[in-house]
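Below is one structure, written out as structure tokens; comments come after it.
None of the figures in this text is laboratory data; all of them are computed from the coordinates on show. Values in this document were obtained by computation on a predicted structure and should not be read as measured data. Note: ideal-geometry Cβ built from the backbone for every residue, glycine included; neighbour counts use all protein chains shown.
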Amino acid sequence: MMCPPAPLENGSLAMPPQPSARRVLIIEDNPDGRDTLQMLLQEWGYQVEVAENGLEGVHKILEWRPQVAVVDIGLPLLDGYQVAQQARAALGDQVLLIALTAYCQTQDRERALAHGFDFFLIKPANLEVLSRLLGG
């Protein structure tokens, strides 16, 4: 099943002003998606680190202490739900957790929020919404 992307409100991909969250961790096993999002966020002025699986993601959250983690749900080793639970257990609300996933059913959103995610976005990400969530 294909999930429809949310439309951009004004069609603009302009750089957001002065991001308040400077350190963003991307936890994504798809190299194309991970690299594209990393390049975009760096262009927007963020410091970006990446992780290819959930276990590496948890280690980077604990060591690097990003303000925001953008996390896929369907990850190897630890899934996104486990990443969120471990991040919350260790850091509480010190990290903003954004689920970015192709899972698009209502129960997927509810499950993500129940496991500790602050926000739930469906791939492909609406860049205007992502910019707002990051504080731009």
(message) Can you tally the net charge around L134? Count Lys and Arg as +1, Asp and Glu as -1, for every other residue whose Cβ sits under 15 Å from the Cβ of L134.
(response) -1
(message) Let me check against my output: what whole-number percent is the relative contact order of the stretch 23-134, with C-alpha pairs under 8 Å and at least 6 apart?
(response) 23
(request) On each of the three principal axes of the Cα atoms of the stretch 23-134, give max minus min coordinate, whole Å, ordered largest first. (result) 32, 31, 24
